[in-house]
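So the structure is just underneath, and the comments pick up after that.
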Amino acid sequence: MSEVVIFFIMASIALCAALGVVLARNPVHSALLLVTVLISIAVLFIIQDAQLLAAVQVIVYAGAIVVLFLFVIMLLGVDEKESLTEPVKAQRPVAIVLGLVVLAEVLFLAGHQWATGAQQSRGSLQVGDGGNVERVARSLFTDFLWPFEVTAVLLVAAVIGSVVLARRSNKPTIDDEVETS
Amino acid sequence: MTAPQSLAAGDPLFAGGVDPAVVLILIIKTVAAFALLMVLVLFYIWFMRKVIADMQNRVGPARAGGRYGVLQTLADGIKLFFKEQSVPDGADPFVFRLAPYLSIIPAFLAFSIIPIGGEVSILGHTTYLQLADPAIGVLLLLAMSGIGLYGVMLAGWSSGSKYPLLGSVRASAQLLSYEAAFGLAIVAVLLHSGTLSTRGIVDAQAWTSWDSFATSWYWTVAFVSFVIFLIAAIAETNHPPFDLVEAEQELVGGFVTEYTGIRFAMFFLAEFMNLITMSAIAVTLFLGGPSGPALGFLSATGTVNTWLMPMFWFFTKLLVLLFGTVWVRASLPRMRYDQLMDLGWKWLIEIAFVAVMVTAVVLVARNEAWNRFVVVPAAIGGAFCLLGILRLCMPRQSELIEEEV
């Protein structure tokens, strides 16, 4: 019972905030509403007993990614008079059609068997010993060790790539001359 | 009605379901934790001013509340409360008003996971002397310091002027940089304890004999991580010598420049609440939390040994660390911004990372019963080799300066 009540409260907050993200004129307000969405979804994770997922949601998405969004917005400045004309024609109808297709797909999938085999994402949480955190850790470092390591290598490659791109070489380039002149 | 598993995971309070007494106990605990944190902040600010005054041969606060000025902080708080609150013309009014709350609420929530005492019974229910014991434990601390960052960032941005913006950009960069070293320092403890829950970590460091001081508390086995944790924690809370966020010679007042009255006081309060929470977390993770010798001549289940002694040990350890922060504040000059970034990225993260690897190797060696006299020196030697290689790969300071010219 309490689960249903919390679900409806948090889901309506999440939906309203999500609408706000799209409709707010000020990008900083949009970013803040995005944080609201992420946190209310984290609460939904908690009532599903997925505490680790909730913590990671708040730490990674709210604590790091949206902070970087805000960083960029703040450093580039907020332009209140942004033009609303679209450079790509027919963007809106295509977006609406694609959105409806995705919605239909989600509704279709929700009623059927998942491709990964589990009927519900929730089922296996009640089986086995240890808390949610321990179980996630165990499957991450046994069954899914290989994908986990590959993802780690991918992220390291991305970090090194961005460092290489951002680092200036000793030789002056055209950009440097423009900067100094 | 049964409590969700997420709540029932730790605290024995929820073992028998939720009834009105349990709700009452929870409300009492919440109010008590909040009041405790407030009193600790009031005490700490007074303590800090007194100790620094002593170190500098001054008297310090001496008027409000008797000879020792005990009520000075309260008087300052009341003064700030009655001051006019202004919102600058160029500000974003809603975000400007919201920012102080975004700063102070996470600061309190992070404190809720601190185990202050052992297991006690209130109104016939057994419970832990800590507000919450979630399964995610210390991850809550990291999440809350992530949310607390919004308060600082938005305060600077919404003020609509340049110095606050620069201050908040500095603050965010500093927090993001030191969060990595901070998290890695915690990982070493988590590897030892095998649990995220603060209660579990404290239980793993329980007091058995006087040897526990060196053998079961983690400050010895994870000494490198302990030092890194303390440095990174001070940097995370923007306290001296890392208080570049409000370097008044460079930035006027940093992100709080435009704030007045109680809103300013809330930022101030949040900052000190964070410092106290960080010190309390250091006590929990590395110094055994409330564990310490009980009074042997009294009954082990009596009020003194279940309520008072654990709290006594907790607050004693907390006081030692808090004195350390005051000492650092009085002794060290503020760092330069490039020194701050060098320390964070080029030293702390590397060393913390290597310390985690050494810890992992030592723990595996212990589980597999390998010869520790071979494995431990080999792991430490390997760590130094790795650090040396990393050092050699870094560009030297002279090269960097050449590049910039």
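Restricted to the range B:282-369, the set of helices (runs of 4 or more DSSP H) holding at least 2 residues that are farther than 30 Å from B:Phe43 by Cα and in contact with a helix residue (DSSP H, G or I) (Cβ under 7 Å, 6 or more places away or on another chain) comprises B:337-342, B:349-367. Among the residues of the range B:229-240, not a single one is closer than 30 Å to B:Asp89 by Cα and over 21 Å from the mean Cα position of the chain (by Cα).
Residue-wise test of (1) modelled with pLDDT under 85; (2) away from chain A (no Cβ under 14 Å).
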| position | (1), (2) |
| --- | --- |
| B:Leu80 | no, yes |
| B:Glu84 | yes, yes |
| B:Phe96 | no, no |
| B:Val120 | yes, yes |
| B:Ala132 | yes, no |
| B:Leu140 | no, no |
| B:Gly148 | no, no |
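From the list A:Ile6, A:Ile13, the one residue that fits, being in a helix (DSSP H, G or I), among the β-branched types (Val, Ile, Thr) and either over 30 Å from B:Val18 (Cα atoms) or within 12 Å of chain B (Cβ to nearest Cβ) (or both), is A:Ile6. When we screen B:Lys317, B:Lys346 for residues that are under 30 Å from the mean Cα position of the chain (by Cα) and outside the structural domain of B:Leu230 (by TED's automatic domain parsing), the only hit is B:Lys346. Of B:Phe43, B:Phe47, B:Phe81, all but one fail to be assigned by TED's automatic domain parsing to the domain that holds B:Phe111 and of a type in the set (A, V, I, L, M, F, W, C); the exception is B:Phe81. Mind checking which residues of the range B:320-343 are outside the structural domain of B:Ile186 (by TED's automatic domain parsing) and either touching a His at 6+ places or on another chain (Cβ under 7 Å) or within 16 Å of B:Leu184 (Cβ to Cβ) (or both)? Passing the criteria: only B:Leu343. Of all residues in the range B:150-188, those that are of a type in the set (Phe, Trp, Tyr), more than 10 Å from every other protein chain (Cβ to nearest Cβ) and within 19 Å of the chain's Cα centre (by Cα) total 2. Note on the range A:36-62: among residues that are at the interface with another protein chain (Cβ under 7 Å from one of its Cβ atoms) and assigned to a helix (DSSP H, G or I), the one that is farthest from B:Leu141 (Cα to Cα) is A:Ile47.
β-branched (Val, Ile, Thr), at the interface with chain B (Cβ under 8 Å from one of its Cβ atoms) and over 30 Å from B:Gln174 (Cα atoms) - does that describe any residue in the range A:63-79? The answer is no, given that none of the residues of the range A:63-79 is β-branched (Val, Ile, Thr), at the interface with chain B (Cβ under 8 Å from one of its Cβ atoms) and over 30 Å from B:Gln174 (Cα atoms).
Filtered by the rule that a residue be among the charged types (D, E, K, R) and farther than 20 Å from B:Leu40 by Cα, the range B:321-343 gives B:Arg334, B:Arg336, B:Asp338, B:Asp342.
Just one of the listed residues (B:Gly296, B:Gly302, B:Gly324) is surrounded by fewer than 17 Cβ atoms within 10 Å (Cβ to Cβ) and either of a type in the set (Lys, Arg) or modelled with pLDDT of 90 or more (or both), namely B:Gly324.
Just one of the listed residues (B:Pro106, B:Pro115) is more than 8 Å from every other protein chain (Cβ to nearest Cβ) and in contact with a Lys or Arg (Cβ under 6 Å, 6 or more places away or on another chain), and it is B:Pro115. Among the residues of the range A:80-89, not a single one is in a helix (DSSP H, G or I) and either within 8 Å of another protein chain (Cβ to nearest Cβ) or out of contact with any helix residue (DSSP H, G or I) (no Cβ under 6 Å at 6 or more places or on another chain) (or both). Being surrounded by fewer than 19 Cβ atoms within 10 Å (Cβ to Cβ) and either among the acidic types (Asp, Glu) or at pLDDT 85 or above (or both): is that true of B:Glu250 here? It is true that B:Glu250 is surrounded by fewer than 19 Cβ atoms within 10 Å (Cβ to Cβ) and either among the acidic types (Asp, Glu) or at pLDDT 85 or above (or both).
The set of residues from the range A:127-181 being within 11 Å of chain B (Cβ to nearest Cβ), modelled with pLDDT under 75 and farther than 30 Å from B:Leu196 by Cβ comprises A:Arg168, A:Ser169, A:Asn170, A:Lys171, A:Pro172, A:Asp176, A:Thr180.
The values are calculated or read from the model by the stated rules, or taken from the named source; none is laboratory data. These figures come from a predicted structure and were not determined experimentally. As a convention, Cβ positions derive from the backbone with ideal geometry for all residues, glycine included, and neighbour counts pool all protein chains shown.
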